[in-house]
Amino acid sequence: FKLAISVQEVPSQVSTFVSKLAAVDAAFAVSSKDLAEAVKRVGSSAIEAGLGIDELIAAVTAAQQITARGGAVIGNSFKTIFTRIQRPRVIKELENLGIAVRGIGGSVKPAMQILQELAKTYDNLSSVQKAATAELIGGVFQVNVLKASLRDLTKDYSLYANALNISNKA
């Protein structure tokens, strides 16, 4: 939500957050505990990467359902991915691959939009380009979560889109 909220806003923000976790927990093979643990680990990196709470919950949900990894692992993976995807070198490499990383006005898009753009192009890359790009963004240890997310983002009925819709409505 917000980094700085007033004391009066805290109960309402917490209630909304818990409602979002519960709604997604009920619809997917994830637990509120794992979602909360992931959000705790990646929260500040996600905010810096331009994600809202709903996008973060959806990304964690999709990755966890696909990989069956715990919230701590998923959270740490996305912390790495969201941090790396903002690096100037990574942005330049993605642009060299023809991936739209900048919006109208030249500012860098939020991380999930960049991942969605990468997902559209990823299957058309050579095996060398895929490996280099995955390691550049995910590092050696986060590649599985990155690839699972990219595969999901290409689907017409992605887990991410479904979880995003549920979280938004909660």
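The values are calculated or read from the model by the stated rules, or taken from the named source; none is laboratory data. Computed from a predicted structure; not experimentally measured. Positions of Cβ are generated from backbone atoms using ideal geometry, with glycine treated the same way; all protein chains shown enter the neighbour counts. Side chains are part of the model used for accessible areas, which takes the heavy atoms of the whole protein and leaves out ligands, DNA and RNA. Shrake-Rupley method; radii C 1.70, N 1.55, O 1.52, S 1.80 Å.
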* Residue match in region 148-160 (condition: part of a helix (DSSP H, G or I), modelled with pLDDT of 95 or more and in contact with a Lys or Arg (Cβ under 7 Å, 6 or more places away or on another chain)) -> no
* Asked: Using beta carbons and a limit of 7 Å, which pairs, at least six apart or on different chains, have the first residue in region 98-110 and free of Cβ contacts under 8 Å to residues at least 60 places away in the same chain and under 15 Å from Gly50 (Cβ atoms) and the second one open to solvent by less than 60 Å² (accessible area, probe 1.4 Å) and small (Gly, Ala, Ser)?
  -> Lys109/Gly103
* Mind checking whether some residue in region 73-85 is in contact with a strand residue (DSSP E or B) (Cβ under 9 Å, 6 or more places away or on another chain) and open to solvent by 70 Å² or more (accessible area, probe 1.4 Å)? -> no
* Asked: Tell me, which residue of region 139-163 that is aromatic (Phe, Trp, Tyr) and touching a residue at least 60 places away in the same chain (Cβ under 8 Å) is nearest to Lys20 (Cα to Cα)?
  -> Tyr160
